[in-house]
Amino acid sequence: MKAMENIIELHKVNKFFGEGESRIHVLKDIDLEIKRGDFVAVIGQSGSGKTTLMNTIGCLDVPTSGAYKVDGIETGGLSANALAWVRGRKLGFVFQRYNLLASLTTLDNVALPAVYTGLSHLARVERAKELLTRLGLEDKFKNFPWQLSGGQQQRASIARALMNGGDIILADEPTGALDSKSGEMVMGILESLHGDGHTIILVTHDPGIAAYAHRVIELKDGLVISASGATRLSARPNTKARWMKASTPSPFIATSSPKPSKCRSRPSWPISCVLS
């Protein structure tokens, strides 16, 4: 693996919403490259296009025009199943409001993404337990989301993002619903994941959170107006790895999931099938 190759590439990406007189131009000729293993913050005021850009990078939405590659895969023209394949194997999502399913235990919430990759039940449970233990939630396997604090829910959502490997972690305002102490812990986790080789892309309106990143990309009115290295805050506490159990080997790089032997109508198709 080349350490400095691009894992995200957008070229002249535009996104419109609506039709006729109500048509809105949300992303405007976005050119952007993110290297494998980078830590990037996307900042901008409300309405600047941050969320639309994150949805595009996450294959949750598609550009109106332009080209987008994720880890060398050209996403233009891919079917819904193919985009789901890319999301399931390349991307992990961390949301401001956690998005844990209230009817599932913490363990089942974390294991859920691997259902769609064909991983066996036993392997799913073992990996989910390993990730939750690594994140200090080894006593919360059977708890439901409403029985967890905000910080614990966000740690569970990070474990879920890592379930299928999470080479690229997309974090949308990951500390926005947390108190300052829990927010520092979450950012310490993201720093440690970056140290393990994950590519981290986070959306934030908070300059203090953006200062954790190595690059800051600023959007305004759908345009990238700056893309430069971040100035770190000298007073920011060193939170990296405080949450980790030092004696535990890192489980964050997932072993490869078994692929289905046939192409079937499900998001876990092998990429050679969904792209054909």
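The values are calculated or read from the model by the stated rules, or taken from the named source; none is laboratory data. From a predicted model like this one, the values you see are computed outputs, not experimental measurements. Counting neighbours? That spans all protein chains shown, and the Cβs are built from the backbone with ideal geometry, glycine included.
The criterion of at least 2 residues that are more than 23 Å from His205 (Cα to Cα) and not β-branched (Val, Ile, Thr) is met, among strands (runs of 3 or more DSSP E) falling completely within the range 10-103, by 65-70. Does Ile200 qualify as being in contact with a strand residue (DSSP E or B) (Cβ under 8 Å, 6 or more places away or on another chain) and either modelled with pLDDT of 90 or more or β-branched (Val, Ile, Thr) (or both)? Spelling it out, Ile200 is indeed in contact with a strand residue (DSSP E or B) (Cβ under 8 Å, 6 or more places away or on another chain) and either modelled with pLDDT of 90 or more or β-branched (Val, Ile, Thr) (or both).
Checking each residue in the range 141-173 for being farther than 19 Å from Asp196 by Cα and assigned to a loop (DSSP other than H, G, I, E, B) picks out Phe141, Lys142, Asn143, Phe144, Leu148, Ser149, Glu173. Just one of the listed residues (Ala111, Ala128) is within 27 Å of Asp71 (Cα to Cα), at pLDDT 95 or above and out of contact with any Asp or Glu (no Cβ under 9 Å at 6 or more places or on another chain), and it is Ala111. Among the candidates Glu126, Glu138, the residue that is in a helix (DSSP H, G or I), among the charged types (D, E, K, R) and without any contact (Cβ under 8 Å) to a residue 12 or more places away in the chain is uniquely Glu126. Of the residues examined, Ala254 is not one that is at pLDDT 90 or above, under 20 Å from Val94 (Cβ atoms) and of a type in the set (A, V, I, L, M, F, W, C).
Name every residue in the range 183-203 that is over 16 Å from the mean Cα position of the chain (by Cα) and of a type in the set (A, V, I, L, M, F, W, C), in order of residue number.
Taking the range 183-203 first, the residues over 16 Å from the mean Cα position of the chain (by Cα) are 183-185.
Scanning the range 183-203 gives a single hit, Met185.
Taking the criterion of being touching a His at 6+ places or on another chain (Cβ under 9 Å), under 19 Å from Met185 (Cα atoms) and of a type in the set (A, V, I, L, M), the residues of the range 144-174 that qualify are Leu162, Ile169.
Quick check: anything in the range 22-31 more than 14 Å from the chain's Cα centre (by Cα), of a type in the set (Val, Ile, Thr) and crowded, with 18+ Cβ neighbours inside 10 Å? Looking for residues that are more than 14 Å from the chain's Cα centre (by Cα), of a type in the set (Val, Ile, Thr) and crowded, with 18+ Cβ neighbours inside 10 Å, one finds at least one in the range 22-31, hence yes.
Each row is one residue, and each column tells you yes or no for (1) modelled with pLDDT of 95 or more; (2) small (Gly, Ala, Ser); (3) under 15 Å from the mean Cα position of the chain (by Cα).
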| position | (1), (2), (3) |
| --- | --- |
| Pro174 | no, no, yes |
| Ala177 | no, yes, no |
| Lys181 | no, no, no |
| His205 | no, no, no |
| Gly208 | no, yes, no |
| Ala211 | no, yes, no |
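Look at the range 200-215: where a residue is farther than 11 Å from Pro174 by Cα and in contact (Cβ under 8 Å) with a residue 40 or more places away in the chain and a partner is of a type outside the set (Asp, Glu) and in a helix (DSSP H, G or I), sitting 6+ places away or on another chain with Cβ atoms under 6 Å, you get Ile200/Leu190; Ile200/His194; Tyr212/Met187. When the range 168-191 is limited to residues that are of a type in the set (Gly, Ala, Ser) and in contact with a Ser or Thr (Cβ under 6 Å, 6 or more places away or on another chain), the one that is surrounded by the fewest Cβ atoms within 10 Å (Cβ to Cβ) turns out to be Gly188.
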